[in-house]
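I have placed the structure first, in the form of structure tokens, so that the comments after it can refer back to it.
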Amino acid sequence: MATVNEHTPNSNAPEEVIKINDLHKAFGDNKVINGFNFNLKRGENAVVLGKSGSGKSVLIKLIIGLMKPDQGSIEVLGDKVETLSTSELDKMRVKVGFLFQSNALYDSMTIRENLEFPLRRHWIKKSTNKNEVDNLVMEALTNVGLPHTVDMMPSELSGGMRKRIALARTLILKPEIILYDEPTTGLDPITGKEISHLMLDLQKKYNTSSIIISHDINCVKIVANRIVMLIDGKCYATGTYDELEHSTDLRVKQFFE
Amino acid sequence: MIKNIFIEIGLIARFTGRFFIEVFKPRFEFNEFLRQCFYIGNKSFPLVAITAFIMGLVITMQSRPTLVEFGAQAWLPKMISVSLVREIAPVITALICAGKIGSGIGAELGSMKVTEQIDAMDVSGTNPYKFLVVTRVMATTLMIPILAILADTISLYGGYLGCNIHGVVSWDLFWNQVFDTLVYADVLPSILKTFFFGFIIGIIGCYQGFNSSKGTEGVGQSANSAVVISSLLVFIIDLLAVQITDALNLN
Ligand SMILES: Nc1ncnc2c1ncn2[C@@H]1O[C@H](COP(=O)(O)OP(=O)(O)OP(=O)(O)O)[C@@H](O)[C@H]1O
Ligand SMILES: [Mg+2]
């Protein structure tokens, strides 16, 4: 059967898009990440599961270079994050999208300006053509089903709508990898499910790989190809949903009850 | 306690040092700078104007009886012009801006910090320090002197009305006296120090916002500390300024 591997846009791209090796990060005496190892394959949706305060947000902020690790290495699309200069980091961040836990929509800007911000500011992919920018904004908003909000302010939207807008803003640069920080937390179960399905649809449409931070077991069930348990700052267990659901380990089991 | 104060001073010094590094690096956020200038002027001018007018009027009315005692009420414009221009108008402007602009910056950047908007700028190819801090500090450093000059003028006008409540001083006579009295040594140092006031208000507001702790409580605290610390520093700069002009024989 001759199938073209649709997940590899360029032939020399590594099969493992993120490689994390023996990662350590502490705040004072608080050792948050303590010897974490993990690889993300191209096209994979990996969920990182962990209790509140276990360092999940810290983990993905280390990946995108918002924090510096104390020890260990992170390779994203072949670049070692901790050695990148500011401009190299910017280049990397065009290819890696980040959905913030608190959405991080700019309060003082309209939805349109929010979506234009990464387009206009990223000097690597800078688009100045007004028409092109408008089209991208409308495409992104249509993707999340909210084209009519384009001239509203973030404060006028509901929590679920804000999450969708944040998702649209993350996707507007067409990243290869997306890091989601608790995409469904704070939403009702129905909206949470909608967002999970939306993530999955967009993932298929744009062929992205992703790391999804969550402790919402419904979302995990929908999106995960593989689950990583972050406990005590380590990769405590890994496997598919079914494998971990039937685990006999107490600390794993408690997430699935 | 004492140790914490020194740590805080060290952190503020480092934050300020970063300003002087980033301000000269290219990609100048000119639009954001203009937006901030407009915002600051627009937001504080009415309050500064009203306060300056009232201070001019009140100081004049209160100084009058003492001068009358010595039969020197003709000196009234001379006396009030020095105190208004050298001290009262600049300090009042700075304090009002510390309350209005400083707390505004502290609260705005604080809430941007806790809702991860600052991190979001960082991952969108924008240096948040340049985009948010440098523009705001430049704007306060430029706008507070301008507001102070307007406050000088308005408070002198208040003084003119004050002179005319119990006596008669013609418009021309008043301004002639004012301009005869005021020399460069009065005006220049007083304007110069307002640049420092502006800088301090901007940098402290931004520092507090950038270091806001999680939650709405943290944001409120940032706004509050921004006002308290920058008002205190305004007085300290004022004290230093008077020592310097004194040493240079300009008082
Ligand atoms: N900038 C920071 N400075 C100091 N400590 C921090 C910082 N960021 C995170 N921490 C600490 O690291 C730990 C993990 O925080 P993190 O935000 O990663 O948790 P989380 O797993 O994302 O939790 P949640 O599910 O509630 O979002 C916490 O104990 C927190 O106090
Ligand atoms: Mg988190």
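FYI, it's all coordinate maths here, none of it is from the lab. Since the model is a prediction, treat every value here as computed from it, not as a measurement. Glycine gets a Cβ as well: all are built from the backbone with ideal geometry, and neighbour counts include every protein chain shown.
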GNM result for chain B, Cα springs below 10 Å: residue of B:218, B:110, B:198 fluctuating most strongly: B:218
Percentage, to the nearest whole number, of Cα pairs in the stretch A:14-66 over 19 Å apart: 28
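Multiply the residue gap between residue B:172 and residue B:66 by 0.36 nm, knock off their C-alpha separation, and tell me the result in nm, one decimal place.
On the way: separation 106, 0.36 × 106 = 38.16 nm, distance 2.40 nm.
Contour length minus the Cα-Cα distance gives 35.8 nm.
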Helix-only [θ]222 nm of the protein assembly as shown, DSSP H runs n ≥ 4, -39500 (n - 2.57) each, per residue, nearest 500: -19000 deg cm²/dmol
Stretch gain in nm, segment residue B:24-residue B:242, where the contour uses 0.36 nm per residue and the Cα spacing is subtracted: 75.4 nm
Listed residues A:223, A:131, A:17: farthest to the positive end of the dipole of chain A (Cβ charges): A:131
Cα-projected label distance for residue A:253 with residue B:14, points at 7 Å along beta-carbon direction, nm: 4.7
Distance histogram for chain A (every C-alpha pair counted, 5 angstrom bins, percent rounded to whole numbers): 1, 6, 13, 17, 19, 17, 14, 9, 4, 1, 0, 0
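Suppose every K and R has +1 on its Cβ and every D and E has -1 on its Cβ; what is the size of the dipole of the protein assembly as shown about the Cα centre, in Debye to the nearest 20?
Working: 48 positive and 50 negative charges, 79 e Å.
For this selection, approximately 380 debye.
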Listed residues B:123, B:48, B:219, most fluctuating in chain B (Gaussian network, C-alpha, under 10 Å): B:123
Cα gyration tensor, the stretch B:1-149 - rounded (a/c under 1.5), prolate or oblate: prolate
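Any idea what diffusion coefficient the protein assembly as shown gets from Stokes-Einstein, in µm²/s, Kirkwood Rh on alpha carbon pairs, 10 °C, 1.306 mPa s? Present the calculation step by step, with values, prior to reporting the outcome.
Values: Rh = 26.2 Å.
Translational diffusion coefficient: 61 µm²/s.
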Among B:61, B:4, B:203 - extreme Cα towards positive end, dipole of chain B, charges at beta-carbon: B:4
Amide H contacts of residue A:35 (H built 1.01 Å from N, under 5 Å, at least 5 apart or other chain): A:23, A:24, A:25
Assigned charges on the beta-carbon of Lys, Arg, Asp, Glu; chain A dipole about Cα centre (debye): 360
Lysine pair count for the stretch B:14-250 [Cα-Cα under 17 Å; pairs on different chains or 8 or more apart]: 4
Calculated FRET value between residue A:201 and residue B:74, using beta carbons and R₀ = 60 Å, to 0.05: 0.10
In degrees, nearest ten, helix B:184-210 long axis to first principal axis of chain B (Cα): 30
Relative contact order (percent, whole number), the stretch B:26-97, Cα cutoff 8 Å, 6+ residue spacing: 40
Overall dimensions of the stretch B:14-250 as given by Cα atoms, namely Rg and Dmax in Å: 20.4, 70
On Cα atoms only, tilt of A:86-95 relative to the major axis of chain A in degrees: 90
Selection from B:142, B:95, B:125, by position along the positive dipole direction of the stretch B:14-250 (Cβ): B:125
Projected label distance in nm at residue B:35 and residue B:195, using a 7 Å step from Cα toward the beta-carbon: 2.7
With Cα atoms, 0 to 90° folded angle of helix B:215-247 axis to chain B main axis: 50
Estimated dipole of the stretch B:14-250 in Debye, rounded to 20 [Cβ of Lys and Arg +1, of Asp and Glu -1, Cα centre]: 380
